[in-house]
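Structure record follows, encoded as structure tokens.
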Amino acid sequence: MEPLIVFLALFGTVFGIAYVFLTTRNKERLALIEKGVEAKLFNSKGSKFSIAKFILNIALLFMGIGAGIFCGDLLSAALDMKEEVTIPSMLFIFGGLGLVAGFFITRRIESNDE
């Protein structure tokens, strides 16, 4: 019975978020049309999804996680600290650094494409 409740709660949450997003977007567009704004506003020219950029960011994240585990183990052995503290802290630090590096590399790639 408990998995059913969890499934229904998850489904209800996803449905609720999608419903609110779509109805709000529709109301905003109708209000802009009533004011006489051109339809060019709806055609956003945001950055398109690129599988290469996604793979680059995931690869840098995993490399950062691996380096974090390695440095956390080295730190715990060298300074005689607890592994329960050093490995998770280094994992988050190096994982975050990998994501930041991925952001800057992706930004540089997008600026070169323009």
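The values are calculated or read from the model by the stated rules, or taken from the named source; none is laboratory data. This structure is a prediction, so every number in the text was calculated from the model and none was measured. Cβ: placed from backbone, ideal geometry, glycine included. Neighbour counts: every protein chain shown. Heads up: the accessible areas ignore ligands, DNA and RNA and are worked out on the full protein's heavy atoms, side chains in. Shrake-Rupley method; radii C 1.70, N 1.55, O 1.52, S 1.80 Å.
Can you check what the net charge comes to around Thr106, using other residues whose Cβ is under 11 Å from the Cβ of Thr106 (Lys, Arg +1; Asp, Glu -1)?
Details: positive: Lys53, Arg107, Arg108; negative: Glu110, Asp113.
The answer is +1.
Counting only lysines at least 8 places from Lys40 when in the same chain, those with an alpha carbon closer than 26 Å to its own are Lys27, Lys48.
How charged is the neighbourhood of Leu22? Take every other residue with its Cβ under 14 Å from the Cβ of Leu22, and add Lys/Arg as +1 and Asp/Glu as -1. With Lys, Arg at +1 and Asp, Glu at -1, the neighbours total +2. Surface composition of the chain: carbon plus sulfur atoms hold 70% of the accessible area, using a 1.4 angstrom probe and ignoring ligands, DNA and RNA. Using only alpha carbons, the chain has a radius of gyration to Kirkwood radius ratio (Rg to Rh) of 1.20. Over the range 49-114, accessible surface divided per residue gives 73 Å², non-protein components excluded, 1.4 Å probe. Convex hull volume of the C-alpha atoms in the range 62-114, normalised per residue: 54 Å³. Its alpha carbons give the range 1-68 an Rg and a Dmax of 20.1, 55 Å.
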